[in-house]
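Contents: one structure, followed by commentary.
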Amino acid sequence: MISEFIPNREIYFLLDSGSEVPSMSYLVVKTIIILVVFAGILILMAKYGPRLMSVFPAWNIKRGSRMKVLEMLPVEPGKNLYLIEIDGKTWLFTSTAGALQKVDGMDFSGKHDES
């Protein structure tokens, strides 16, 4: 039998279909251990994730430091207008399913003429 060659009898039931079924308490303890290890990995990634990002420059993107989407207005299904601030300047962009274009000739200085 296979069990003669395996020093660890805990994994024996995985290799032989005729083996005995492990107890319910063993399965519960095993599940709890796996969940604790998984939670520990998530905590470590949350804590040390930013350091890991600096190791891989392609992942090191400072989100929201130079560009902000001020407003988004859906015009039609699949077509939107975006008011975007880039380095302190405000731009108007249009988007469709396949393209994003800047609208020229617009003044977004914040002054409105109300006549």
Task: Hz values of 3J(HN,Hα) by residue in the range 88-93 - Karplus curve (6.51, -1.76, 1.60), Gly and Pro given as x - done: x, 9, 9, 10, 10, 10
- [ ] Check the straight Cα-Cα distances from LYS68 and name the lysines below 29 Å, setting aside those fewer than 8 residues away within the same chain.
- [x] LYS47, LYS79, LYS89, LYS102, LYS111
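Computed from the coordinates by the stated procedures, all read-outs in this text should not be read as laboratory data. Values in this document were obtained by computation on a predicted structure and should not be read as measured data.
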